[in-house]
Amino acid sequence: MGRVIGIDLGTTNSCVAMVDQGKPIVIPNTGGYKTTPSMFAISPDGKRLVGHLSKRQAITNPSNTLYAAKRLIGRRFDSPEVQKAMSLCPFQIVRGENDDARLEIAGKVFTCPEVMGVIVREMKRVAEEYLGEPVTQAVITVPAYFNDSQRQSTKDAGKIAGLEVLRIINEPTAAALAYGVGEEREEKIAVYDLGGGTFDISILELGGGVVEVLATAGDTFLGGEDFDRRLVAHVLKEFQEADGIDLSNDLMALQRLKDACEKAKCDLSSLSVTEINLPFIANDDSGARHLNMEVTRETLEELVGDIVHRTMDAVQQCVTDAGLTPADIDQIVLVGGQTRMPLVQQCVTNFFKKPPHKGVNADEVVAMGAAIQGDILASHDDSILLLDVTPLSLGIGTFDGQFAPLIPRNSTVPTRKSHMFTTTRDEQTAVKIRVLQGESEQSDENHLLGEFVLTEIPRSTAGEPEIEVSFEIDSDGIVNVFARDVATEREQSITVNAAGTLSEEEVAQIIKENEEYDLPE
Ligand code: AMP
């Protein structure tokens, strides 16, 4: 068997690693960088560009450059998150056939798994170039808080890229693996992960070769980009007040400003003051206008303080869910670029009353953990046991609009729970079951995974048939549903209408279409 690569498929950047002679190493791309921007673009002359090539031309081609597709993957077009993204992104987001969110650039519509698939394929290529041999298997990470549709869609992205996805694992679990693998010590660790687009907090227990996730919480729509956006809004306002020019409708100016604000934000992690300089940002009757502005760390902290404090509410919830207090946590591991911000480190330190661990690289630790998991799976090593949990309660919708949970959140996966269904009318031959994930008592407020229709139920009086439906969450955190007619022992057929994800036929079709395109290196 060839090597299994570990891919940290990030909102902003992606990273690929593998285990070499027992040690995880991050594989640099051809430019020598250890991370690759998760961006995909079509240039004006029709070329498909990915990674750094895509990022480099984003300023001059904003409406045809896709970024942060991870924020939209597995989501319905009508969801508040997609609607919010539509008002913020310079590219078109359109409704797909499955009510999913799709992305339109250069007149062509792409599904989110397809866009993420392009990024995965690039990471595969980086590894193949380094190794000089084909790579066919991978472990891909997702935020712990991802629901079934988001996990399924990520797995589809792997397939579209031509990889067999051996396992989907949670990013914090991967970080814990990289942090503590092979060590004898018993510890409770908190992994605080604030990346470009998502936030996760997990509490894990390590020891005796077992990595057990005790609890996890987070927000799949909160990350460094929100920090950038606050700074962009601030600069736009200041510029308008000082110069009387509104830049908010000028796509190219906005893209330049967005890049400059992200850079200023990063600079302010090590400096107390920085400058944003954008010459020729606008033109008016008096000629070219330039934007020169000083930004202090204090201003940035005022602009984003509430976001950082919001993450701490999730930290509190997670510690409580784990049945612990902050003092029980031995180590805090920070993951994701945004954790370099001093305010973030300070809030985490204040909460746990101890500083975070310094020994791991926040950008690389997740991919390294994924590579370790890949190596464990490939070598059938049973000395390390990974016990992950499901982040959201799984249940069914009842007739009165209520949610009946079957598998509570933070249950260890894989797990399986059965529930008995019957008919409500005489001669009824089909029953529809709505499967949802979430924590609200109201069905409507939870995420609808799909509608499962039990068919071919033998005709009889209402309430007589007994159909046992088993809900399984597998090691990838993906939901499978099985049904059995108790009287006849017959497996019941089930039709799944999972909105937001692709059918197998659609995935196959995309793979075929993409074979035509070889990306320039
Ligand atoms: P990731 O998704 O882990 O690659 O994190 C990317 C996010 O981290 C982006 O929003 C970056 O702007 C942010 N980031 C990277 N470096 C720094 C830094 N030195 N200070 C603050 N934020 C940073």
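The values are calculated or read from the model by the stated rules, or taken from the named source; none is laboratory data. If you're wondering where the values come from, they're calculated on a predicted model, not measured in any experiment. Backbone-built Cβ (ideal geometry, glycine too); neighbour counts: all protein chains shown. Each accessible area value is taken on the protein alone, full model and side chains, heavy atoms only, with ligands, DNA and RNA left out. Shrake-Rupley method; radii C 1.70, N 1.55, O 1.52, S 1.80 Å.
Before moving on, here are some points about what is shown:
- Residue in the range 239-257 that is small (Gly, Ala, Ser) and within 16 Å of the ligand (Cβ to nearest atom) present: no
- Complete set of residues in the range 326-360 that are touching a residue at least 60 places away in the same chain (Cβ under 8 Å), of a type in the set (S, T, N, Q) and within 16 Å of the ligand (Cβ to nearest atom): GLN338, THR339
- Of all residues in the range 361-387 being open to solvent by 60 Å² or more (accessible area, probe 1.4 Å) and away from the ligand (no atom under 16 Å from the Cβ), the one that is nearest to ALA144 (Cα to Cα): LEU385
- Once the range 262-295 is narrowed to residues that are at pLDDT 95 or above and in a loop (DSSP other than H, G, I, E, B), the residue that is surrounded by the most Cβ atoms within 10 Å (Cβ to Cβ) is LEU268.
- Scope the range 30-51; condition in contact with a Phe, Trp or Tyr (Cβ under 7 Å, 6 or more places away or on another chain) and either among the charged types (D, E, K, R) or more than 21 Å from GLN92 (Cα to Cα) (or both); matching residues: ARG48
- Within the range 134-160, tally of residues that are within 17 Å of the chain's Cα centre (by Cα), under 24 Å from PRO28 (Cβ atoms) and not in a helix (DSSP H, G or I): 5
- The residues on offer are LEU131, LEU163, and the sole one that is over 30 Å from GLU445 (Cβ atoms), more than 18 Å from the chain's Cα centre (by Cα) and buried (at least 24 other Cβ atoms within 10 Å of the Cβ) is LEU163.
- Complete set of residues in the range 213-226 that are within 12 Å of the ligand (Cβ to nearest atom) and either buried (at least 24 other Cβ atoms within 10 Å of the Cβ) or more than 28 Å from ILE276 (Cβ to Cβ) (or both): GLY223, GLY224
- Any hit, the range 305-317, residues being over 27 Å from SER63 (Cβ atoms) and without any contact (Cβ under 8 Å) to a residue 24 or more places away in the chain: yes
- Residues (β-branched (Val, Ile, Thr), under 20 Å from GLY196 (Cα atoms) and open to solvent by 10 Å² or more (accessible area, probe 1.4 Å)) located in the range 12-42: THR12, VAL26, THR35
- Verdict on ARG434 being under 30 Å from GLY218 (Cβ atoms) and open to solvent by 40 Å² or more (accessible area, probe 1.4 Å): yes
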